[in-house]
Amino acid sequence: MDVSAGAIGATASRSSAGQRLHDLDALRGFALLGIFVVNITFMASGYPGNLITDPAFSSVLDDVARFLSTVLVDMKFYLLFSFLFGYSFTLQMEAAGRAGAAFAPRMLRRIAGLFILGALHTALLYGGDILMTYAVVCLVLLAMRRVRDRTALRVAGMLYGVVLMSLLASGLFVNSSAFLPNRAEALANAEKATAAMLGGWGDVIGHHLSGLPFLVLQSATFQGPTALAMFLLGMVAGRRRLLAGVSGHEPVLRRIQRIGFPVGIAGGVVYALGGGNVEPLAVGVSAATAPLLTAAYVATLLRMMHGLRFGFVRSALAPAGRIALTNYLGQSLLGLLIFSGIGLGLAGRVSPVGTTGLALLIFAAQLAVSAWWLRHHRYGPAEYALRRVTNGRTPQTGEISGRRGRRGITRRT
């Protein structure tokens, strides 16, 4: 091969890698929006956490907003976020190889940093944290990093199947009303939780920590296994570079849309009309169909991002996804300042329509701030801290510079 041919090949490789990273970042930004639309409802009131509807917001418009969120958003976006975590895990492996560093110690430090951030996030900002679950589950992913693709896919299928079977068994053979409070008790608990949210630091932290037992139970029985399944799928996809070189015209993307949207939306409707999180069978239907709707969202976004008319979507979403950890923590901080007694004290006063609109407004601001930040910095504040822990050293000035980061995008981890 002559020098010119080698240069062309290297340029094409960098271009493909840059596109892959931008696609990943944009998808991660999209997942971040969906997660926030769900999380903000729990930040805004003590009612959703107690599986009861706030009687103060029972208008038709409120009911429609809750229904649409349940059908189109709930239980969908954390699956995408988990898949992308597994995909990025393979990029971390590649980065360690390029740096000549041992991957396991490096990843263990990253996991420890993620767990500490999650613990602080849970206590101080938002009791519905996912970072600690990710950190624990990532230990399993780390142990399985050398398994064959076929083994990883089988384990993912088995994990998801066990979750579905347990939900089916619970729905058929367990009387959930025996474990759940009645309506009067649920309303009283929700009022008490909302009052705690409107208190000072002690009350707010106490409220966050009071939900820790349920968070652990949910992580052990549902979110942990499903997250690991998605991690493994993402790892296999990353190994095979399935998101590298996507043109948006692949026939498989249209097939995913044709199957994913009708099946996924139908499952979401059953989930919403069947009782939502109160009924295991309804949760099981959602868990079984949510991956299809999530896949349809991804296929649609990829087609849009690589089209002429909506190519700007990737440019808009990618900066937020590139510093997703900072934005995730920032969302919780803003929720605390808006709804708790530490800030504006709006807990229990904002309707479902209002919380959704507020989530969209905040996310739009995050898009703008993320783009501005990355013009001057290579990492977000939280990403910088986690990278420092991961690498066991402080990044040098050149590594942090926004201009250096744009030139070296294929080396970003």
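The values are calculated or read from the model by the stated rules, or taken from the named source; none is laboratory data. On a predicted model such as this, the values are computed, not experimentally measured, just so you know. Virtual Cβ from ideal backbone geometry, glycine too; neighbours counted across all protein chains shown. Accessible surface areas use protein heavy atoms only, side chains included; no ligands, DNA or RNA. Shrake-Rupley method; radii C 1.70, N 1.55, O 1.52, S 1.80 Å.
For a quick check of your reading of the filter: which trypsin sites (Lys or Arg not before Pro) in segment 230-333 sit in a DSSP loop and have no more than 11 other Cβ atoms within 10 Å? Please report the intermediate quantities before stating the final value.
Details: sites: Arg239, Arg240, Arg241, Arg254, Arg255, Arg258, Arg303, Arg309, Arg314, Arg322; in loops: Arg240, Arg241, Arg309.
Answer by residue number: Arg240, Arg309.
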Residues meeting the amide H criterion for His377 (H placed from the backbone, H to H distance under 5 Å, 5 or more places apart or on another chain) are Gly402
Largest fluctuation, Phe42, Phe339, Phe310 only, Gaussian network model of the chain with Cα springs under 10 angstrom, belongs to Phe310
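Over all directions, the average projected area of the alpha-carbon convex hull for segment 175-220 comes to how many nm²?
Details: hull surface 15.2 nm².
It is 3.8 nm².
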Per the helix-only model, the chain has a calculated mean residue ellipticity at 222 nm (DSSP H runs of ≥4, -39500 (n - 2.57) each, divided over all residues, rounded to the nearest 500) of -25000 deg cm²/dmol
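With the full set of protein chains in place, find how many percent of the accessible area of segment 223-292 is carbon and sulfur; take the probe as 1.4 Å. Could the numbers behind the result be given before it?
Details: 2000 of 2940 Å².
C and S fraction of accessible area: 68 percent.
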Probe 1.4 Å, heavy atoms of protein chains only: per residue, the accessible area of the chain in Å² is 47 Å²
Compactness check, segment 21-167: C-alpha Rg relative to the 2.2 N^0.38 Å globular estimate gives 1.25
When the chain is treated as a Gaussian network with springs between alpha carbons less than 10 Å apart, the largest mean-square fluctuation among Val38, Val60, Val236 is found at Val60
Along segment 56-65, Karplus-curve 3J(HN,Hα) (6.51, -1.76, 1.60; θ = phi - 60°) to the nearest Hz, with x for Gly and Pro, reads 6, 10, 10, 6, 4, 5, 5, 5, 5, 4
Output for segment 118-201: chymotrypsin sites (Phe, Trp or Tyr not before Pro) sitting in coil per DSSP, at most 11 other Cβ within 10 Å, listed by number, reads Phe179
Checking Leu292, Leu253, Leu180 against a Gaussian network model of the chain (alpha-carbon springs below 10 Å), the top fluctuating residue turns out to be Leu180
Simple SL model, points at 7 angstrom along Cα→Cβ for Ile116 and Ala220; separation in nm is 2.6 nm
Computed Rg/Rh for the chain (Cα atoms; Rh = Kirkwood radius) stands at 0.97
Heavy-atom accessible area of segment 122-206 with neighbours in place, 1.4 angstrom probe: carbon+sulfur share in percent works out to 66 percent
Note, segment 126-133: 3J(HN,Hα) by Karplus (6.51, -1.76, 1.60, θ = phi - 60°), whole Hz, Gly/Pro = x, goes 7, x, x, 4, 10, 5, 5, 4
